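Working notes, structure below.
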Amino acid sequence: MLKPRVPLEEQKVMPVNGDEAVAYAVKQCLVDVVAAYPITPQTIIVEKFSEFVANGEVKTQYVPVESEHSAMSACIGAAAAGARTFTSTSAQGLALMWENLYIASGLRLPIVMAVVNRALSAPINIHCDHSDAYGMRDSGWIQLFVENSQEAYDTTIQAFKIAEHPEVQLPVAVNLDGFFLSHTLENVYMLPDEEVHRFLGGYRKLVKTYVDYLNREVEYKLDPANPLSIGSLDLYDYYFEHKMPQVEAMKKASDVVRRVNEEWYELTGRSYGDGVIDSYAVEDADAVVIVLGSSAGTMKYVASLMRQKGFKVGVVRLRMFRPFPFSEVRELLKGVKVVGVMDRGLSFGSYGPLYLEVNTAFYYSKERPLLVNYIYGLGGRDLSPAMAEEVFMDLIEVAKISEVREHLKFIGVRS
């Protein structure tokens, strides 16, 4: 068994909620600029971080902007100048950033953003679903989803290393479920500051002299001493070619996420599957559920109880939604009879976005499982153990008759 470089007894245990866990992680990441605007249930992150700034605990330039659109604009400017940059938001705030999300990724800026998942209006709702995260899925950001507050802390630190990796250079969104994680107290193990600094390689090394330029870490940045143009007008003669590096970076991101997860395991003793997928009891399962976020905990708990009763069920938690791990999902679920895809969001007029991706993963396979899409938890409605068992029992029935009579189902809706 691996002995981590920093064993648990040398890590500080703090009772914090998910938002505070993210704020503490950002505090340790030697961030140069934070630009943000408050919105429930994300507010605690930037509120707590502003305390660190006011108390002189960090050297970060904190920019209290007038809107989320301005927050991402400020982050784009800071990151383009070579600064390590962070922001956070939820729901309508993320929607207000929309056009800038594409600019951040198109300019290959390694911004890290915490998205505290919240339902999009209307009607107005401040609680959790994944409609905000699903909305940004085509914007060119790497999207990671966490199951608990410990993972929120760990993943926020990892996100900076992933985003700034020379093979990636893309923004990363760390998704945590609103209120279920953001406002729920949990004991979180935190590393000493110097260990996080060492993990990230210290501050980003900005170019200040010609010698620095020859040994630069931040190679592509706006710098009057070394002129560079990014984001220029780019019409049909070159635009297509200039989007291809984003495609290649996304292809490389999965391996980087895995390597960073392994490095984190060697440092802390904690890992999350292979960094991309975290599975439970899938090896001999006849029925498997695929899920994002905190609901995985409920599904795994119920799966363990059902296994005690002799039911061969399992759970796959996708930690990484973008880039989507098509081949990994296909390989992991080879031989499974039926797969239930849990979506905490809906593409109106279609199926759940996660279901569409899983369906695509199996399209070219000669042998593929039956698929059922379950929409659940919209607007923060809880996924109870009874509902989770209902899903598993439904899948078991589908496996028995080898037929899906209803591909789209809604769990927990009052008639």
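Read-outs: derived from the displayed coordinates by stated rules, not from any lab. Computed from a predicted structure; not experimentally measured. Counting neighbours? That spans all protein chains shown, and the Cβs are built from the backbone with ideal geometry, glycine included.
Let me have the relative contact order for the stretch 79-155, percent, based on Cα pairs under 8 Å that are six or more residues apart. Averaging sequence separation for qualifying contacts and normalising by length gives 30 percent for the stretch 79-155. In this structure the amide hydrogen of N117, modeled in the peptide plane, comes within under 5 Å of the amide hydrogens of L176, D177, G178, none closer than 5 places in sequence on its chain.
Suppose R0 equals 41 Å; then what is the FRET efficiency for N187 and L222 from their Cβ-Cβ distance, rounded to the nearest 0.05? Working from the Cβ atoms, E equals 0.45. Overall, the anisotropy analysis places the chain in the prolate class: the square-rooted eigenvalues a ≥ b ≥ c of its C-alpha gyration tensor yield a/c not less than 1.5, with a/b exceeding b/c. The residues packed around S365, meaning those with a beta-carbon under 9 Å from its beta-carbon, carry a net charge of +3 if Lys and Arg are +1 and Asp and Glu are -1. How many angstrom separate the Cα center of the stretch 177-198 from the Cα center of the stretch 104-166? Answer, in whole Å: 16. Proximity of backbone amide H atoms, modeled 1.01 Å from N, is registered between V289 and G314, V315, V316, G340 at under 5 Å, excluding neighbours fewer than 5 places apart on the same chain. Principal axis extents of the C-alpha atoms in the stretch 277-410 (largest first, rounded to whole Å): 36, 34, 29.
In degrees between 0 and 90, to the nearest 10, how far off the longest principal axis of the chain does helix 43-54 point, with axes built from Cα atoms? It works out to around 30 degrees.
Within the chain, the longest segment free of exposed loop sites, counting trypsin sites (Lys or Arg not before Pro) that fall outside DSSP classes H, G, I, E and B and have at most 15 other Cβ atoms within 10 Å, spans 60-204.
Helix-only mean residue ellipticity at 222 nm, the chain, DSSP H runs n ≥ 4 weighted -39,500 (n - 2.57), per residue, nearest 500. What is it? It would help to have the intermediate numbers written out before the result.
Details: 14 runs with 163 residues, N = 415.
After summing the helix terms and dividing by the residues of the chain, the value is -12000 deg cm²/dmol.
Our summary gives the chain a relative contact order of 17 percent, counting only alpha carbon pairs under 8 angstrom and 6 or more residues apart.
For a quick check: sort C75, C29 by the number of other beta carbons within 10 angstrom, fewest at the front.
Working: C75 28, C29 24.
Fewest to most other Cβ atoms nearby, the residues stand as C29, C75.
Residues in the stretch 31-39 carry Karplus couplings, in order, of 7, 7, 9, 10, 10, 7, 9, x, 7 Hz; the curve used is 6.51 cos²θ - 1.76 cosθ + 1.60 with θ = phi - 60°, and Gly or Pro positions show x. Report, in degrees rounded to the nearest 10, the 0 to 90 angle that the Cα long axis of helix 295-308 makes with the longest principal axis of the chain. Here the helix axis deviates by roughly 30 degrees.
Distance cut-off 18 Å, Cα to Cα: go down the list K312/K409; K3/K27; K48/K221; K334/K366; K27/K252 and report the pairs above it. It would help to have the intermediate numbers written out before the result.
Working: K312/K409 22 Å; K3/K27 26 Å; K48/K221 30 Å; K334/K366 11 Å; K27/K252 28 Å.
Violating the 18 Å limit, Cα to Cα: K312/K409; K3/K27; K48/K221; K27/K252.
What per residue convex hull volume, in Å³, comes out for the stretch 103-239 when only alpha-carbon positions are used? Intermediate results must be reported in sequence, preceding the final value.
Values: hull volume 21.0 nm³, N = 137.
Taking the convex hull of the Cα positions in the stretch 103-239, it is 153 Å³ per residue.
For the stretch 277-410, the relative contact order comes to 28 percent (Cα pairs under 8 Å, sequence separation of at least 6). Shape class of the stretch 131-200 from the alpha-carbon gyration tensor: oblate, with a/c at 1.5 or above and b/c at least as large as a/b.
Between 0 and 90 degrees, the angle of helix 239-268 with respect to the longest Cα principal axis of the chain falls at about 80 degrees. For V188, the amide hydrogen comes within under 5 Å of the amide hydrogens of M14, V16, counting only partners 5 or more places away or on other chains and with H modelled in the peptide plane. DSSP beta bridges fully contained in the stretch 277-410 are about 20 percent antiparallel.
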